[in-house]
2 protein chains.
Amino acid sequence: MRTLKVDLGSRSYPIYIGENLLAQSGLLAAHISGKQIIVISNETIAPLYMDKLLASLENLNAHKIILSDGERYKTLTTIESIFDQLLEMRCARDITIIALGGGAVGDISGFAAACYQRGVDFIQVPTTLLSQVDSSVGGKTGVNHPLGKNMIGAFYQPQCVLVDISTLHTLPSRELSAGLAEVIKYGLIAKKPFFNWLENNIDRILEFDSDAIEYAVEQSCLCKAEVVASDEHEKNGRRALLNLGHTFGHAIETGMGYGNWLHGEAVGCGMVIAAQFSAKLGWLSDKDVSKISRLVSTAKLPIQLPKELTVDKMVELMAIDKKVKDGKLHLVLLKDIGEAVLTSKFDHDLLYNTLNELHNNT
Amino acid sequence: MRTLKVDLGSRSYPIYIGENLLAQSGLLAAHISGKQIIVISNETIAPLYMDKLLASLENLNAHKIILSDGERYKTLTTIESIFDQLLEMRCARDITIIALGGGAVGDISGFAAACYQRGVDFIQVPTTLLSQVDSSVGGKTGVNHPLGKNMIGAFYQPQCVLVDISTLHTLPSRELSAGLAEVIKYGLIAKKPFFNWLENNIDRILEFDSDAIEYAVEQSCLCKAEVVASDEHEKNGRRALLNLGHTFGHAIETGMGYGNWLHGEAVGCGMVIAAQFSAKLGWLSDKDVSKISRLVSTAKLPIQLPKELTVDKMVELMAIDKKVKDGKLHLVLLKDIGEAVLTSKFDHDLLYNTLNELHNNT
């Protein structure tokens, strides 16, 4: 087992990464102070891992809440139904909420924990690669709104994150690929050697090689933890670098309707667009763009804009993105592999034309 | 003008208290960093003070959201409608939300600010005595649930609080009294000399004497700011002392249906019950109980349990109160005027019997 720490002063917490961690009862129990536990999961994950998790919490009073599976249930309505159930069970302020599942379960459960009685303890047990390397670390929680993704939420840190990579054996390969988008992202924004390692080892990960996966998850969580520790609430621009590919990606996700493109697929495509636009600005070589496209494509992620989404619609959706500040669109772009920058200093016509060109080439 | 400071490290903020502060443009502008402002108010307060506030923000891009008036609209549904409007107006993360109104407007607006795009800047402009001395200071925000008051919310500190006591001239006298419940509370929990001052000056306040009101508001905010600074998230028991009378009060409010008893009326009655139960435990003299009852009654607040609410129902509602910890009901009781304690060490039969006795005497 590898243990990392997210360094946030009084809100610091550990990330445990390893195989078969779900069965280790002591790990979670050390982070639970009250007596009552609510495990929130969904109809897909619960049958696979709920019993194992509950067994490891044997002496504690644990109840479960099962959500429908899918990003389209990541809404205030679902949050409201969780509050109803918590209050019907008379849950007091000293409960611990455990999220068992992927990113949607974690985001929903974390936001419910942040708001229930103004905040109760919370633990992340992510079961998808995407949530293990991204959403479970760093405290971003929330739900979607018809007019935008993750528009409603809170920064709320967990007591700990338990990453059992054994859960990836039941993950559909399409979702493994979606998770790899974020893994590649860490290489692109801050870790060139890791990017190079990925080029050589992406196939091992796609074949579920445990050692390769554990290393990739650790490197990803390390990068995420460093960035989050330096900018918890996305104030100084550092944390915003984690959004490489996301402004384009969110527009694709929203434009195509939540759930049609997986988040990681949209981000994978978004990173390729960011690389291509960075090259247009003269910041990145065509060779690097090719390396990035090739790695994203090898990870079985889309690298082309969806034909169905017009460039006008996409630009409109990007304008409502959270990265808009003082009315200006900010993008994370690449100066090099391993060096990302947040900037609003680019020609908007050039952006529009680049998107149009990419759209016509699909 | 008097200026107090709520000392919370990087989240510290000032409270400005005085007459005609709404018209002073520089005061608020100094706390606004973005360009777009959303003033949230309700249909009762907006016609009285919205124009004055907007005029003081003359060079800024300000829009308004008008809510229905009343505690019964303090729900997730209202929060959702605010999110809809903010997104339709394409509000970005750098907006400032200003709450102009009483406690409900402040709690709703603050919670919306806490959750919109995971948190935007927020300013409190309370216009009722209750909100000026209590809810606008300390960062508690949230909404009610049919199964309990303030069950959903966040700790979220404002950039500043602007208390214009001139707004009290349009406050119905019943609401002025409701606010006095919290003013009296500060004397009871930590400021015996202030309690004594109130005994001598309560009539001046009821007659809207500006000097008396300004002093009472200042002393109340000082006490609240001190307590909040020592226990921001209600973790060490100190902040819980502010709940004197509230566990009984919330049960009365919920049991009678939100809005039938004003919050302050329920708290006034709740403080008298807390004093009477403290006396039963031998902690407080009968003379002090009489002094407390007399002051609460002089402030035109109820001091008797509502006949319609059975003791069984009341005890049931108290069991779901946030002050329940490890399954035990905790109450704030009095060792003396000016000395409150949080405790679960009391005989529950004695509590039940005391409530029964008080109920039979009504």
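Brief remarks on what is shown
- Only listed residue being part of a helix (DSSP H, G or I) and within 14 Å of another protein chain (Cβ to nearest Cβ), chosen from B:Gly119, B:Gly110, B:Gly34: B:Gly110
- Matching residues in segment A:292-320 - criterion: being touching a residue at least 40 places away in the same chain (Cβ under 8 Å), in a helix (DSSP H, G or I) and within 14 Å of chain B (Cβ to nearest Cβ): A:Val315, A:Leu317, A:Met318
- Every condition in (1) more than 30 Å from B:Thr3 (Cβ to Cβ); (2) at pLDDT 95 or above holds for B:Glu253 except the one numbered (2).
- With respect to the conditions (1) within 14 Å of chain A (Cβ to nearest Cβ); (2) surrounded by 19 or more Cβ atoms within 10 Å (Cβ to Cβ), B:Gly237 lacks only one, and its number is (2).
- Selection within segment A:149-165 - among the aliphatic types (A, V, I, L, M) and farther than 14 Å from A:Ser136 by Cβ: A:Met151, A:Ile152, A:Ala154
- Qualifying residue in segment B:189-200 (condition: more than 17 Å from B:Lys224 (Cβ to Cβ), free of Cβ contacts under 8 Å to residues at least 40 places away in the same chain and in contact with a helix residue (DSSP H, G or I) (Cβ under 7 Å, 6 or more places away or on another chain)): no
- Each residue in segment A:123-159 was checked for being at the interface with another protein chain (Cβ under 9 Å from one of its Cβ atoms), surrounded by 24 or more Cβ atoms within 10 Å (Cβ to Cβ) and touching a His at 6+ places or on another chain (Cβ under 9 Å), and 1 pass.
- Residue match in segment B:274-291 (condition: away from chain A (no Cβ under 14 Å), of a type in the set (S, T, N, Q), touching a residue at least 60 places away in the same chain (Cβ under 8 Å) and part of a helix (DSSP H, G or I)): yes
- All of A:Ile97, A:Ile82 fail the test of being away from every other protein chain (no Cβ under 12 Å) and among the β-branched types (Val, Ile, Thr), apart from A:Ile97.
- Scanning segment B:299-314 for residues that are within 23 Å of the chain's Cα centre (by Cα), buried (at least 16 other Cβ atoms within 10 Å of the Cβ) and over 14 Å from B:Glu175 (Cα atoms) gives B:Ile303, B:Leu305, B:Pro306, B:Met314.
One line per residue, one yes/no per condition, for (1) more than 14 Å from every other protein chain (Cβ to nearest Cβ); (2) within 16 Å of the chain's Cα centre (by Cα); (3) surrounded by fewer than 20 Cβ atoms within 10 Å (Cβ to Cβ); (4) more than 30 Å from A:Leu351 (Cα to Cα):
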position	(1), (2), (3), (4)
A:Val161	yes, yes, no, yes
A:Ser173	yes, no, yes, yes
A:Leu176	yes, yes, no, yes
A:Ala181	yes, yes, no, no
A:Ile189	yes, yes, no, no
A:Ser210	yes, no, yes, yes
A:Gln219	yes, yes, yes, yes
A:Asn243	no, yes, no, no
A:Gly249	yes, yes, no, no
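The values are calculated or read from the model by the stated rules, or taken from the named source; none is laboratory data. Small disclaimer: the values here were computed from a predicted structure and weren't measured. Neighbour counts are summed over all protein chains in view; Cβ atoms, including those assigned to glycine, are modelled from backbone coordinates with ideal geometry.
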